[in-house]
Amino acid sequence: MTPEELDAAGLIQFPTVIGGVVPIVNIDGIEPGALKLDGAMLADIYLGKISNWNDPAIKAMNPDLTLPDAAITTVFRSDGSGTTFNFTDYLAKVSPDWKDSVGVDKTVKWPTSATGAGGKGNEGVSSYVNRMKNSIGYVEYAYAKQNNMSHTALKNAAGNVVQPSAETFAAAGDIDWSQQAGFYKVITNSETEQAWPIAAATFILVHKQPENPQQVAGVLNFFDWAYTQGDDDAMALDYVPFSDAAVALFKEKWNEVKGSDGQPVYKPAQ
């Protein structure tokens with residue numbers, strides 16, 4: 001949420017981990033990570049401007065792949081989601097046409113809806129892609145990896161073709177969070193050299209003046225434990241933890257969450 005939205009709702013927000021959104025494809029003979037795309041191509045596919053897998057633009061970037069003379073079927077989320085928000089935010093940053101005609105939101109009017117398919121959740125999108133030859137969709141990387149789906153590589157804003165990984169997600173989130181008011185920062189299309197272009201942080205929202213301060217204190221104690229003890233678990237689930245310096249900034253924000261006595265509800269362990 002923007003700082004203005006947070007203030008209006010009486011909330012704070014803080015990031016917990018970084019993940020990524022990845023395009024997934026179902027093309028015979030194409031292994032995970034083999035197909036390379038750039039942002040403009042991805043936008044044009046979902047705009048319906050690129051409608052065949054042997055389109056000259058795709059072939060030029062993938063001269064070593066045998067791409068079929070087959071129509072592309074686009075798959076997208078039918079429900080509102082942060083995954084769609086980050087995906088469309090990226091497309092709007094790399095395609096003026098997408099920005100002007102579709103925009104950015106948790107749910108949008110898909111230009112290829114007449115020929116594509118909408119699935120609910122990551123599981124719905126992946127199910128359609130798995131069943132439909134020559135299709136493309138987008139899901140969380142953790143979901144794609146854990147379900148052995150064939151993701152694409154992407155050319156990032158620095159001009160490098162990168163694979164989704166802990167390293168490329170971390171590169172996208174390596175910013176000075178102290179300069180982001182309310183920690184409001186969408187990290188898609190990072191210009192960092194090795195950044196995955198559709199990386200995203202997850203955020204927690206907490207009321208500044210909670211009705212149940214004791215319960216909220218327990219919630220913040222849980223996230224304190226997660227920050228200090230959960231890094232290995234986050235990595236095992238294909239998410240990237242933040243640095244100690246960033247976590248210290250996030251936890252400092254917790255002092256704004258106060259009980260009826262005006263004192264912070266979170267008390268650091270001694």
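The values are calculated or read from the model by the stated rules, or taken from the named source; none is laboratory data. Note that the structure is a prediction, hence the values are computed from the model and not measured. When we count neighbours, we look across all protein chains shown, and the Cβ atoms used for this are built from the backbone with ideal geometry, even at glycine.
Restricting attention to the range 150-200, the residues that are closer than 11 Å to Gly20 by Cα and of a type in the set (Ser, Thr, Tyr) total 3. Of the residues making up the range 229-270, those that are touching a residue at least 12 places away in the same chain (Cβ under 8 Å) and assigned to a helix (DSSP H, G or I) number 10.
Which of the residues that make up the range 153-166 are crowded, with 23+ Cβ neighbours inside 10 Å and within 25 Å of Ala236 (Cβ to Cβ)?
Start the filter on the range 153-166 by keeping residues that are crowded, with 23+ Cβ neighbours inside 10 Å, which leaves 154, 156, 164.
Correct list: Leu154, Pro164.
Quick check: is even one residue across the range 179-201 touching a strand residue (DSSP E or B) at 6+ places or on another chain (Cβ under 8 Å), more than 30 Å from Asn147 (Cβ to Cβ) and surrounded by 15 or more Cβ atoms within 10 Å (Cβ to Cβ)? Yes: the range 179-201 contains one or more residues that are touching a strand residue (DSSP E or B) at 6+ places or on another chain (Cβ under 8 Å), more than 30 Å from Asn147 (Cβ to Cβ) and surrounded by 15 or more Cβ atoms within 10 Å (Cβ to Cβ). Per the listing Ala57, Ala43, the residue uniquely modelled with pLDDT of 95 or more and surrounded by fewer than 19 Cβ atoms within 10 Å (Cβ to Cβ) is Ala57.
Among the residues of the range 79-95, are any among the aliphatic types (A, V, I, L, M), surrounded by 19 or more Cβ atoms within 10 Å (Cβ to Cβ), in contact with a helix residue (DSSP H, G or I) (Cβ under 7 Å, 6 or more places away or on another chain) and not in a helix (DSSP H, G or I)? Talk me through it step by step, then tell me what you get.
Here is the first cut: in the range 79-95, the residues among the aliphatic types (A, V, I, L, M) are 91-92, 94.
Now drop any that are not surrounded by 19 or more Cβ atoms within 10 Å (Cβ to Cβ), which leaves 91-92, 94.
Now restrict to residues that are in contact with a helix residue (DSSP H, G or I) (Cβ under 7 Å, 6 or more places away or on another chain): 91-92, 94.
Applying the additional criterion that residues be not in a helix (DSSP H, G or I) yields none.
Within the range 79-95, not a single residue is among the aliphatic types (A, V, I, L, M), surrounded by 19 or more Cβ atoms within 10 Å (Cβ to Cβ), in contact with a helix residue (DSSP H, G or I) (Cβ under 7 Å, 6 or more places away or on another chain) and not in a helix (DSSP H, G or I).
Inspect all residues belonging to the range 253-269 and state whether any of them is charged (D, E, K, R), surrounded by fewer than 17 Cβ atoms within 10 Å (Cβ to Cβ) and either under 25 Å from Ala144 (Cα atoms) or within 21 Å of the chain's Cα centre (by Cα) (or both). No, because not a single residue in the range 253-269 is charged (D, E, K, R), surrounded by fewer than 17 Cβ atoms within 10 Å (Cβ to Cβ) and either under 25 Å from Ala144 (Cα atoms) or within 21 Å of the chain's Cα centre (by Cα) (or both). Sub-8 Å Cβ pairs linking a first residue in the range 21-41 that is touching a residue at least 12 places away in the same chain (Cβ under 8 Å) and under 17 Å from Ala70 (Cα atoms) to a second residue that is part of a strand (DSSP E or B) and among the aromatic types (Phe, Trp, Tyr), at least 6 apart or interchain, are Ile24/Tyr138, ordered by first then second residue. I need the full set of residues from the range 209-237 which are surrounded by 15 or more Cβ atoms within 10 Å (Cβ to Cβ) and of a type in the set (D, E, K, R), in order please. Correct list: Asp224, Asp231. Scan the range 142-159 for residues that are over 19 Å from Tyr46 (Cα atoms) and either among the small types (Gly, Ala, Ser) or touching an Asp or Glu at 6+ places or on another chain (Cβ under 6 Å) (or both) and jot them down. Ala142, Ala144, Lys145, Ala157, Ala158, Gly159, listed by residue number.
Going by the structure shown, is Lys59 within 19 Å of Ile198 (Cβ to Cβ) and charged (D, E, K, R)?
Numbers: within 19 Å of Ile198 (Cβ to Cβ): no; charged (D, E, K, R): yes.
No, not satisfied.
Report whether or not Phe76 is in contact (Cβ under 8 Å) with a residue 12 or more places away in the chain, part of a helix (DSSP H, G or I) and not acidic (Asp, Glu).
Working: in contact (Cβ under 8 Å) with a residue 12 or more places away in the chain: yes; part of a helix (DSSP H, G or I): no; not acidic (Asp, Glu): yes.
Against the criterion (in contact (Cβ under 8 Å) with a residue 12 or more places away in the chain, part of a helix (DSSP H, G or I) and not acidic (Asp, Glu)), Phe76 does not qualify.
Filter the range 1-55 down to the residues that are among the hydroxyl-bearing types (Ser, Thr, Tyr) and either in a strand (DSSP E or B) or over 30 Å from Tyr184 (Cα atoms) (or both) and list them by number.
Filtering the range 1-55 down to residues among the hydroxyl-bearing types (Ser, Thr, Tyr) leaves 2, 16, 46, 51.
Correct list: Thr16, Ser51.
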